[in-house]
Amino acid sequence: MKFLLEVTMDEAALAKDPAGELGRILRYWGGNLRHYPLRPGDGSVIYDSEYREVGRWRVADQAE
């Protein structure tokens, strides 16, 4: 399996403070992973601190 995380960093809060905002996203979503079985197909939209959609994470088969 693969864990894939994609975040667009050229808009909103991520453009203002990329390191701080990306750190917040990683802490929040990393802590939230315990609510998922982490099987291929699992995933979720990622929001920044201004509640704007900036990406998503997902679990994929190794073949992808």
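In this Cβ point-charge picture (+1 for Lys and Arg, -1 for Asp and Glu), segment 1-49 has a dipole of about 340 debye about its Cα centre.
For Arg56, the amide hydrogen comes within under 5 Å of the amide hydrogens of Glu6, Ile46, counting only partners 5 or more places away or on other chains and with H modelled in the peptide plane.
The HN-Hα couplings worked out from phi for segment 41-53 by the Karplus form 6.51 cos²θ - 1.76 cosθ + 1.60 (θ = phi - 60°) are x, 5, x, 6, 6, 10, 10, 7, 5, 9, 6, 9, 5 Hz, whole numbers, x standing for Gly and Pro. When the trypsin sites (Lys or Arg not before Pro) in the chain are filtered for DSSP coil states and for at most 14 other beta-carbon atoms within 10 Å of their beta-carbon, the remaining sites are Arg52. Taking Met1, Met9 and ordering them by how much accessible surface each has at a 1.4 Å probe, largest first, produces Met1, Met9. At q = 0.21, 0.29 Å⁻¹, work out log10 I(q)/I(0) for the chain with the Debye formula, treating every Cα as an identical point scatterer and leaving solvent out; two decimals please. For the requested q values the scattering log ratios are -0.82, -1.23.
The values are calculated or read from the model by the stated rules, or taken from the named source; none is laboratory data. Remember, predicted model here, so these are calculated numbers, not experimental data. Every residue, glycine as well, gets a Cβ built from its backbone with ideal geometry; the counts of neighbours run over all protein chains shown. The area values use the complete protein model at the heavy-atom level, side chains included, leaving out ligands, DNA and RNA. Shrake-Rupley method; radii C 1.70, N 1.55, O 1.52, S 1.80 Å.
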